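**Q** Mind having a look at this structure? Questions to follow.
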């Protein structure tokens with residue numbers, strides 16, 4: 001989301017911020033999901049999306065729109081990707 005789709009604009013700085021956001025958000029979301037003992041795919045994706053948005057907002061300022069717009073877009077993207085990958089893994093396991 002930081003480069004708004006322009007993959008050629010990715011720098012080491014972008015990768016460092018994205019890695020920091022991903023590691024912290026993944027760790028917090030994992031703790032919350034494990035503590036809640038939740039296995040409902042959409043809830044896991046929603047938790048990951050919300051945590052990612054909050055961590056992204058705290059890690060760096062937004063690059064477009066209002067200050068929180070990029071964080072919301074990043075959280076939404078993380079939640080959607082989590083849900084889609086979870087569905088793909090589930091379908092792959094069901095086909096075996």
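Computed from the coordinates by the stated procedures, all read-outs in this text should not be read as laboratory data. All figures in this text were calculated on a predicted structure; none of them were measured in a lab. Backbone-built Cβ (ideal geometry, glycine too); neighbour counts: all protein chains shown.
**Q** Quick check: the angle from helix 41-59's long axis to the longest principal axis of the chain, C-alpha only, nearest 10 degrees?
**A** Helix 41-59 sits at roughly 20 degrees to that axis.
**Q** Rank-order 37-47, 72-82, 55-65 by packing density, defined as the average count of other C-beta atoms within 10 Å over each peptide's residues, highest first.
**A** 72-82, 55-65, 37-47
**Q** A follow-up question, please. Please compute the contact order of the stretch 10-95 in relative form: average sequence separation of alpha-carbon pairs under 8 Å and at least six residues apart, divided by the residue count, as a percent.
**A** Taking the mean separation of contacting Cα pairs over the length of the stretch 10-95, I get 28 percent.
**Q** Determine one quarter of the surface area of the Cα convex hull of the chain, which equals its mean projected area, and express it in nm² to one decimal.
**A** Result: a mean projected hull area of 7.0 nm².
**Q** If you average the C-alpha positions of the stretch 62-96 and of the stretch 17-49 separately, how far apart do those two centres end up, in angstrom?
**A** Their Cα centres are 11 Å away from one another.
**Q** As a test of the formula, what do you get for the chain when each DSSP H run with n ≥ 4 contributes -39,500 (n - 2.57) and the sum is divided by the residue count, at 222 nm and rounded to the nearest 500 deg cm²/dmol?
**A** Rounded to the nearest 500, the figure is -26000 deg cm²/dmol.
**Q** Treating the angle as unsigned and between 0 and 90°, give the value, to the nearest 10°, between the Cα long axis of helix 69-95 and the longest Cα principal axis of the chain.
**A** 30 degrees
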